[in-house]
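Some notes on the structure that comes next.
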Amino acid sequence: MAELESLETAAEHERILREIESTDTACIGPTLRSVYDGEEHGRFMEKLEARIRNHDREIEKMCNFHYQGFVDSITELLKVRGEAQKLKNQVTDTNRKLQNEGKELIMAMEELKQCRLQQRNISATVDKLTLCLPVLEMYSKLREQMKSKRHYPALKTLEHLEHTYLPQVSHYRFCKVMVDNIPKLREEIKEVSMSDLKDFLESIRKHSDKIGETAMKQAQQQRNLDNIVSQHPRISAGKKSKKEACTSSELEVKNTSPMSEQDSGILDVEDEDEDEEVPGAQDLVDFSPVYRCLHIYSVLGARETFESYYRKQRRKQARLVLQPPSNMHETLDGYRKYFNQIVGFFVVEDHILHTTQGLVNRAYIDELWEMALSKTIAALRTHSSYCSDPSLVLDLKNLIVLFADTLQGYGFPVNQLFDMLLEIQDQYSETLLKKWSGVFRNILDSDNYSPIPVTNEEVYKKIVGQFPFQDAELEKQPFPKKFPFSEFVPKVYNQIKEFIYACLKFSEDLHLSSTEVDDMIRKSTNLLLTRTLSNCLQNVIKRRNIGLTELVQIIINTTHLEKSCKFLEEFITNITNVLPETVHTTKLYGTTTFKDARHAAEEEIYTNLNQKIDQFLQLADYDWMALEPGSKASDYLVDLIGFLRSTFAVFTHLPVSHLQHLPFFGKVAQTACMSACKHLSTSLMQLLLEAEVRQLTLGALQQFNLDVEECER
């Protein structure tokens, strides 16, 4: 048993020794610990020492075996050390020589290195400057354009700078400064362009009057040209072709307004009577600010803001333009200036409409025009009502027609203006009637109410030329001779014709048909005859101090004027080319007017006679208590009968020129005599039946009977 344990211990120690020999020194601790953990470490130490001795013997054997080779190696190694020392010295010497020889090369290489570095830096700098210089040039160009107020090119330059050039050099500090300034520059361009727009709006506000005046001159020239063309169609053929050629070429060059074609036609006509060339709106106002501002705001994406601002400002200006001055009705210049401003405003808007895309549109223009039309018509109605001068009303009508024709040439509807002119026509007729009332009063007041004497053929023909009178008997009579009527007959007749001419002048250029013109003239003439002339004649007839002779002459005059009515009908027919037989043609009421005046004169004769009889009867002084009658009729009655005889002698002793009126005057005299006798008998009866006559004697009755018998005789 003891032997077995001894064998196991020996085997274990052998294993540990092998492990110690083969294990790394750092890991030998666990192995030695296993030895100390056992009880046979003494024996292990013995075995370990025995093993060390074995190894020492083997090392010694090996050293003894290789010692000679070791000595040889050491000897060789010593030799090599000497050679190595020599080689080291040679290398050191060679290195020193090489260093001495390479100093210049090193310096040259160092210089070459610096040159290459500089060259690389220069090349890089050139590349960077190549990128930066266009940016700086563009920025300099931008500042120069802004300085010279070329804002739209400046904005284009700014766009190129921002989107094309700056992104290539965005890492530089100066570019960042530029990028930060771009919004400020844009805002500055907007502000400056808006300032230019405000100046433009102020400019067109000041120039509207001149622009309108120019446009109306052009319209007047065009109308004159149309009249010339209509009167001389052959002569105008060549000129028309030239006009068409010029207008077509001008329209190819620029598209301005609907009047451009018309204007070029006006200015190219070779007519000695035409005025000098009249500049257009684009010649009077520089429209470039509004174009620039529109483009700038469009590029900046603020076009709607610009359009809204422009339209708002123009609406304000339109309201100012459409407000008439308070004293406009006093002179034609007041109306002309008012129309010029309105025309100028819409000529500018029409120009803007046709030269910009969308800044103003047709709906906006139509809205402004509707407002302008209503305000203009209202202003004209108000101010024209104050006008009492027919010449001013006629000039105003011509001005309104020119105003309407001018705007119609630009495409604006003007029918309401012509409708309003028909209203003014009624007012014009009233002013004419007032004027002719004064004219007729002057003629009637200045007339001598005696036949017109003529001493020679020349005067005779002159009067016959003024008034349509034909009398074969009078023509046969030798000079001197007399017309049956007084001077107011040809004067009144001519004034009626002048009135008709004045009415015709107003109807010109109103685009009325011949029937409408004829109807208008006839209605106005009827008012002149039935109201104005009739009132004037009635006033003359009713005058307090008018005599029988004057009344007789008035009867003769109205008879001739009544006969002349058919010639007035022919006169109107000739100037209107509308036959009297045409349906709905108004007839002249002159015949009725003169008949009424003649009847009024007759009644006035009868009334005057009765008044004279009353005056004589007031002289009657009957003594109702007289015992004996007188030997003759009363003195007042004798005087009354003498007055009546002399009065009726006027009818029986008419001049030769009145012979054709004898039947008529005989009837008047007969009626007057019957009226006077009836009135006298009634008045005499009233004397007897007066309340104051309470009693009378036979002698008084016999005297009264003598007076009645005198009347019968």
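Out of 646, 681, 657, I need the residue that is modelled with pLDDT of 70 or more, part of a helix (DSSP H, G or I) and under 30 Å from residue 481 (Cα atoms). Which one? On inspection, the qualifying residue turns out to be 646.
Among the conditions (1) modelled with pLDDT of 80 or more; (2) open to solvent by less than 20 Å² (accessible area, probe 1.4 Å), the only one that residue 331 does not satisfy is (2).
From the list 687, 698, pick out the single residue that is surrounded by 12 or more Cβ atoms within 10 Å (Cβ to Cβ), hydrophobic (A, V, I, L, M, F, W, C) and at pLDDT 70 or above. Of 687, 698, the one residue that is surrounded by 12 or more Cβ atoms within 10 Å (Cβ to Cβ), hydrophobic (A, V, I, L, M, F, W, C) and at pLDDT 70 or above is 687. Within region 140-155, being open to solvent by 50 Å² or more (accessible area, probe 1.4 Å) and in contact with a helix residue (DSSP H, G or I) (Cβ under 6 Å, 6 or more places away or on another chain) holds for 141, 152.
State yes or no: is residue 135 surrounded by 13 or more Cβ atoms within 10 Å (Cβ to Cβ), without any contact (Cβ under 8 Å) to a residue 12 or more places away in the chain, at negative phi and in a helix (DSSP H, G or I)? No. Among the conditions (1) under 30 Å from residue 171 (Cβ atoms); (2) open to solvent by 80 Å² or more (accessible area, probe 1.4 Å); (3) aliphatic (A, V, I, L, M), residue 59 misses just one, which is (1). Residue count for region 156-185 satisfying the condition of being open to solvent by 50 Å² or more (accessible area, probe 1.4 Å) and assigned to a helix (DSSP H, G or I): 16. Scanning region 523-550 for residues that are farther than 14 Å from residue 591 by Cα and under 40 Å from the mean Cα position of the chain (by Cα) yields 523, 524. Return the residues of region 186-228 that are more than 30 Å from residue 302 (Cα to Cα) and either more than 19 Å from the chain's Cα centre (by Cα) or open to solvent by 70 Å² or more (accessible area, probe 1.4 Å) (or both); say none if nothing qualifies. Once the filter is applied, which keeps residues that are more than 30 Å from residue 302 (Cα to Cα) and either more than 19 Å from the chain's Cα centre (by Cα) or open to solvent by 70 Å² or more (accessible area, probe 1.4 Å) (or both), region 186-228 yields 210, 217, 221, 222, 223, 224, 225, 226, 227, 228.
Table: residues versus (1) open to solvent by 50 Å² or more (accessible area, probe 1.4 Å); (2) at pLDDT below 90; (3) among the hydrophobic types (A, V, I, L, M, F, W, C).
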residue: 449; (1), (2), (3): no, yes, no
residue: 457; (1), (2), (3): yes, yes, no
residue: 460; (1), (2), (3): no, yes, no
residue: 469; (1), (2), (3): no, yes, yes
residue: 477; (1), (2), (3): yes, yes, no
residue: 484; (1), (2), (3): no, yes, no
residue: 491; (1), (2), (3): yes, no, no
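For region 359-398, which positions are of a type in the set (A, V, I, L, M) and surrounded by fewer than 17 Cβ atoms within 10 Å (Cβ to Cβ)? Answer for region 359-398, where residues must be of a type in the set (A, V, I, L, M) and surrounded by fewer than 17 Cβ atoms within 10 Å (Cβ to Cβ): 363, 371, 377, 378. Considering the conditions (1) more than 22 Å from residue 210 (Cβ to Cβ); (2) over 15 Å from the mean Cα position of the chain (by Cα), residue 311 is excluded by exactly one of them, (2).
Considering region 399-435, the residues that are open to solvent by 20 Å² or more (accessible area, probe 1.4 Å) and in a loop (DSSP other than H, G, I, E, B) include one that is nearest to residue 361 (Cα to Cα), namely 411.
The values are calculated or read from the model by the stated rules, or taken from the named source; none is laboratory data. Owing to the predicted nature of the structure, the values given are computational and were not obtained by experimental measurement. Methodologically, a virtual Cβ is constructed for each residue, glycine included, from the backbone with ideal geometry; neighbour enumeration extends over all protein chains shown. Ligands, DNA and RNA are excluded from the accessible area calculation, which covers all protein heavy atoms including side chains. Shrake-Rupley method; radii C 1.70, N 1.55, O 1.52, S 1.80 Å.
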